[in-house]
Amino acid sequence: MIRQRHTQGRAARAPARTALCAGALLLTGLAAGAARWYEPAQAERGRALYATHCAVCHGAHGEGQPDWERRDAMGFYPAPPLDASGHAWHHPLAQMLATLETGGGPFGGTMPSFSDVLDEASRRDVLAWMQTLWPDEIYAQWAAINAGEATPPAAVQHDH
């Protein structure tokens with residue numbers, strides 16, 4: 001009789017224990033889909049590189065310039081936000097690396113090429129830091145786009 005009560009008590013506590021463990025995983029970011037492609041050291045290196053080379057246009061926190069979706073008086077698009085409020089997360093990693101390589105000219109922007117300023121590892125570091133600005137939900141959507149498992153949201157409609 002004692003053994004039966006002990007077994008029933010353990011079985012009754014199992015759902016609560018499972019829920020507690022699942023909650024802990026969600027809070028620590030270890031839940032499925034939360035893993036990032038970069039190491040924390042990459043993002044930290046990227047933070048310094050971003051501050052030196054990117055923040056002057058894209059903002060200290062990746063907030064971009066006002067009216068980034070409208071051409072300025074010279075006919076160029078201002079620097080867009082790189083945080084979750086913009087559309088950087090709509091683009092696969094290869095495209096973001098290519099944009100750092102070639103610059104923003106093909107897209108109507110004024111961002112210069114960073115091919116002579118940052119090597120590929122440094123460009124990846126910058127992108128790693130930029131992606132720390134994205135909440136897990138946005139990062140998960142980007143990861144699916146990057147893997148070819150999802151289509152990016154409808155293109156941003158700029159004025160023309």
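The values are calculated or read from the model by the stated rules, or taken from the named source; none is laboratory data. These figures come from a predicted structure and were not determined experimentally. Here the Cβ is made from the backbone with ideal geometry for all residues, glycine too, and neighbour counts use every protein chain on show.
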Quiz item: Given the residues GLY64, GLY46, GLY59, which is the only one that is on the phi > 0 side of the Ramachandran plot and either basic (Lys, Arg) or in contact with a helix residue (DSSP H, G or I) (Cβ under 7 Å, 6 or more places away or on another chain) (or both)?
Solution: GLY64
Quiz prompt | Meets criteria (over 17 Å from the mean Cα position of the chain (by Cα), crowded, with 17+ Cβ neighbours inside 10 Å and closer than 26 Å to ALA154 by Cα) for GLY75 | solution = no
Self-check item: Single residue of THR28, THR110, THR102, THR52 found to be at pLDDT below 95 and of a type outside the set (Gly, Ala, Ser)
Solution: THR28
Practice problem: Hey, can you tell me all the residues within the range 128-142 that are in contact with a Gly (Cβ under 7 Å, 6 or more places away or on another chain) and either under 15 Å from ALA48 (Cβ atoms) or among the hydrophobic types (A, V, I, L, M, F, W, C) (or both)? | Solution: ALA128, TRP129, MET130, LEU133, ALA140
Quiz item: Looking at GLY103, GLY109, which one is surrounded by 15 or more Cβ atoms within 10 Å (Cβ to Cβ) and without any contact (Cβ under 8 Å) to a residue 12 or more places away in the chain?
Solution: GLY103
